[in-house]
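Presented below is the structure to which this report refers.
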Amino acid sequence: MAAYHSPAYFCDREKETKRVTGALTNGRNLTLLSARRIGKTGLIKNAFYQLQKKKDWQTLYVDIMPTDNLNDFIKLLGKAVVEHEWRHSKSYLKKIATLLSGISAKLSFDSITGAPEIGVEYKTRQESEKSLSEIFHYLSAQDVKYAVAFDEFQQITCYPEKNMEALLRSYIQQMSNVNFIFSGSNKHLLTSMFSDYGRPFYQSSDFLFLEKIEAKAYCRFICEKFAKHGKSIAPELTKEALEYYRVHTFYVQYFFNKLFERCEKTVTKALVEQMHRLILEEREYIYYSYRNLLTPYQFLLLKAIAREGGISQPNASDFIAKHSLKQSSSVNRALAALADREMVYEESGVYYVYDVFFSKWLAKNF
Ligand SMILES: Nc1ncnc2c1ncn2[C@@H]1O[C@H](COP(=O)(O)OP(=O)(O)O)[C@@H](O)[C@H]1O
Ligand SMILES: [Mg+2]
């Protein structure tokens with residue numbers, strides 16, 4: 001889906017944006033949490049857009065999802081710094097020469113964009129730690145303030161290196177001109193990282209639990225976007241579709257984007273329904289393959305949850321009987337396995353199929 005564009009294409013989140021910029025500009029770090037695809041990355045980009053307007057503020061965004069170890073982490077962080085300087089300083093190569101040699105990075109250039117790329121290879125933990133320290137040292141030596149976002153931060157818990165948290169924390173707490181956003185969708189991992197007594201990051205940041213966008217504001221935003229481009233959609237139809245997709249940002253954006261593209265002038269109910277169907281058809285191939293990843297019992301439970309559109313009491317005897325789920329002990333085990341694989345998630349005591357489109361497809365086809 002489309003990446004962050006500008007505030008004009010970004011719905012609401014005014015309070016949340018202020019909380020992010022407020023924490024950072026007042027010298028506090030922030031942990032940002034929500035289910036997947038609710039809008040954490042978008043919020044970071046929107047807050048950074050605002051911060052960049054301030055004098056003396058620079059922003060670095062690093063998505064560490066693709067990293068598997070400390071060296072990957074260093075490479076991505078180093079690359080973010082180098083790219084940032086490339087974009088912002090004409091004499092960037094001179095500026096980063098010491099940094100590059102300090103982290104033993106090989107520099108190359110993208111043949112199309114000319115953007116700098118770095119290659120790093122460290123043999124020992126000592127070499128890695130020295131390079132990490134060089135990057136942080138570089139940032140703290142600059143005469144500006146930095147906001148650094150580590151997106152999908154829970155990924156560091158999967159690294160084979162021990163004491164990653166303590167290592168990062170030791171640098172992070174020393175720097176007075178750099179503040180951090182730690183963002184991620186694994187609520188359990190991240191809350192315990194930042195709120196368990198005795199863990200290195202204990203009480204080192206504010207928390208922001210990102211909720212869904214308020215449906216009324218979202219409805220207004222969508223209707224306005226259609227109107228702005230000479231098309232129209234009735235608020236009632238908009239509201240219905242928002243609810244249909246549980247006001248889950250990604251699915252809502254995806255749906256309305258397609259709908260906008262398809263609509264000539266006025267959105268009809270028939271077009272809405274056609275688009276619902278089309279989206280599921282496009283995905284059918286992947287959804288069939290999901291079935292092979294689950295045990296038959298897990299699939300049965302997933303179908304049942306999808307058909308109910310969410311379930312608050314998966315152990316209730318009528319739910320079990322209605323969907324032929326046999327005994328409740330198997331339900332608990334299967335539910336835990338599905339949650340573990342992020343096929344199911346819980347929100348305010350209700351279990352849902354995580355992927356909203358998949359949920360619709362299951363409910364329709366089985
Ligand atoms: N406030 C918003 N207004 C419009 N689109 C948004 C908003 N927040 C997020 N999006 C869009 O929704 C999708 C999912 O958001 P994203 O920020 O990637 O979620 P997350 O990081 O929580 O997984 C993206 O396509 C993003 O551009
Ligand atoms: Mg994200």
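The values are calculated or read from the model by the stated rules, or taken from the named source; none is laboratory data. None of the values given here were measured: they were computed from a predicted structure. For neighbour counting, all protein chains shown are included, and Cβ atoms are generated from backbone atoms with ideal geometry for every residue, glycine included. In case anyone asks, the SASA skips ligands and DNA or RNA and just uses the protein heavy atoms, side chains included. Shrake-Rupley method; radii C 1.70, N 1.55, O 1.52, S 1.80 Å.
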(message) Can you give me the distance in nm between label points at Glu127 and Ala97, each placed 7 Å from the Cα along the Cα-to-Cβ direction?
(response) 2.4 nm
(message) Ignoring ligands, DNA and RNA, please state the percent of accessible area on the chain from carbon and sulfur, probe 1.4 Å.
(response) 49 percent
(request) Tell me the label-point distance for the pair Lys216, Arg87, using the 7 Å Cα-to-Cβ offset, in nm and rounded to one decimal. (result) 3.7 nm
(request) Provide the percentage of antiparallel DSSP beta bridges, counting only those with both residues in the chain; round to the nearest 5. (result) 30 percent
(request) Please express the Cα-Cα pair-distance distribution P(r) of segment 16-144 as a list of whole percents, one per 5 Å bin, running from 0 to the bin with the greatest distance. (result) 2, 9, 17, 20, 19, 16, 12, 4, 0
(request) Write down the Kirkwood hydrodynamic radius of the chain, to one decimal in angstroms, obtained as one divided by the mean of 1/r over all alpha carbon pairs. (result) 23.1 Å
(request) Grab every C-alpha pair in segment 12-73, bin the distances at 10 angstrom width from 0 up to the longest one, and report whole percents. (result) 19, 48, 28, 5
(request) Using only Cα atoms, find the angle between the long axis of helix 14-25 and the longest principal axis of the chain, and express it within 0 to 90 degrees, rounded to the nearest 10. (result) 20 degrees
(request) Using only protein heavy atoms and a 1.4 Å probe, report how much of Leu293 is accessible, in Å² to the nearest 10. (result) 100 Å²
(request) Any chance you could count the Lys pairs in segment 202-272 whose alpha carbons are under 19 Å apart, treating pairs 8 or more apart or on different chains as valid? (result) 19
(message) Given a Förster distance of 30 Å, report the FRET efficiency between Ser176 and Tyr197 from their Cβ-Cβ distance, rounded to the nearest 0.05.
(response) 0.75
(request) Specify the angular offset, from 0 to 90 degrees and rounded to the nearest 10, of the alpha carbon long axis of helix 249-262 from the longest principal axis of the alpha carbons in the chain. (result) 70 degrees
(request) Note down the Stokes-Einstein diffusion coefficient of segment 209-366 in µm²/s, whole number, using a Kirkwood radius over alpha carbon pairs, 37 °C, and 0.692 mPa s. (result) 194 µm²/s
(request) Could you tell me how many degrees, from 0 to 90 and to the nearest 10, lie between the Cα long axis of helix 296-308 and the main elongation axis, the longest principal axis, of the Cα atoms of the chain? (result) 80 degrees
(request) Considering only DSSP beta bridges where both residues belong to segment 102-193, give the percentage that are antiparallel (nearest 5). (result) 40 percent
(request) Would you mind getting the accessible area per residue of the chain, heavy atoms of the protein chains only, 1.4 Å probe, in Å²? (result) 52 Å²
